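Read through the structure below, which is laid out as structure tokens, and then see the notes.
The values are calculated or read from the model by the stated rules, or taken from the named source; none is laboratory data. For clarity, every value in this text was computed on a predicted model and none was experimentally measured. So basically every Cβ, Gly included, is an ideal-geometry build from the backbone, and we count neighbours across all protein chains shown. We work out accessible area using only protein heavy atoms, side chains counted, and drop any ligands, DNA or RNA first. Shrake-Rupley method; radii C 1.70, N 1.55, O 1.52, S 1.80 Å.
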Amino acid sequence: MARVSQAHLDARRRQILDGAAVCFARNGFHATSMQDVLKEVDLSAGAVYRYFSGKEELIAAIVSEVLGQVRASFEEAARLDPPPPPDVLVGEVLGRTLAARESLTVDGRPAFPRLVIQVWTETLRNEELAAVLREGYGSVRAAWARIVEAYQAAGTMRADVDPDHVARTMIASVLGFIAQQSLFGPVPVEVLGDGLRALMSVPEPGPDVREPVSRLG
């Protein structure tokens, strides 16, 4: 019997993950059966189960892969001196993440934003997946915090703000942008970069301008 190359095995695993991602984005995790995945990827049950034991392992692999790629991008940026500014960095990383999955569509629209929403929903009832997501987001947040520390060391960001607070805010902006894409349709990543750049340009108000939120309006 001829030996199957690693490239072939990797391509087959990619085929299965991409097909499962489209199924989950289209119908949700619970409404998707393994038969749906088999039909989507046009493979036998034996071929798919050789790689994944079931839906839970598939969705965990998809989540781990995406967050691992995002974390690696931010860790690479943290090693630069100084790192790219937040608006540029977020645009580059999110752009690569979306571009890598642009061939995956549901009803003619990108599948990835819909998949993100489906994953969030599933974590409410699937503790194992929630644990995978917490670990992945934790590693991304830690990488972002290191970037913030580099900004602060270079004097390009205020040093009196907790790096973790900035990291959480940047992650929130990206997740919110993805959620909007799922709800309202595709939007160029440059829109997020432009918005962040504009917010970064707002000068800090002086003491006589600041007002407690409870007194505004």
* Looking at the P(r) of the range 71-217, how many percent of alpha-carbon pairs lie beyond 26 Å? -> 35
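Could you tell me the relative contact order of the chain? Use alpha-carbon pairs under 8 Å, at least six residues apart, and round to a whole percent.
Value for the chain: 24 percent.
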* To do: Find the accessible area per residue for the chain; the probe is 1.4 Å, ligands and nucleic acids are left out, and the unit is Å².
  => 58
* Structure fact -> For the chain, the accessible surface attributable to carbon and sulfur atoms (probe 1.4 angstrom, ligands and nucleic acids excluded) amounts in percent to 55
* To do: Send over the semi-axes of the range 1-85's equivalent ellipsoid, whole angstrom and largest first, taken as the square roots of 5 times the C-alpha gyration tensor eigenvalues.
  => 30, 19, 9
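Let me know the longest stretch in the chain that avoids all trypsin sites (Lys or Arg not before Pro) found in a DSSP loop with at most 15 other C-beta atoms within 10 Å. Mind showing how you got there, number by number?
Numbers: sites that count: Arg3, Arg50, Arg79, Arg125, Arg158, Arg210.
No qualifying site falls inside 159-209, the longest such stretch.
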* Kindly give Rg over Rh for the range 108-166, based on alpha-carbon atoms, with the Kirkwood expression for the hydrodynamic radius. => 1.18
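If you take the square roots of the eigenvalues of the alpha-carbon gyration tensor of the range 65-144 and sort them as a ≥ b ≥ c, do you get rounded (a/c under 1.5), prolate (a/b over b/c) or oblate? All intermediate terms of the calculation are to be shown ahead of the outcome.
Details: a/c = 2.90, a/b = 1.30, b/c = 2.23.
Because a/c hits 1.5 or more and a/b fails to exceed b/c, the range 65-144 counts as oblate.
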* Asked: Roughly how compact is the range 1-147, stated as its Cα Rg over 2.2 N^0.38 Å to two decimals?
  -> 1.14
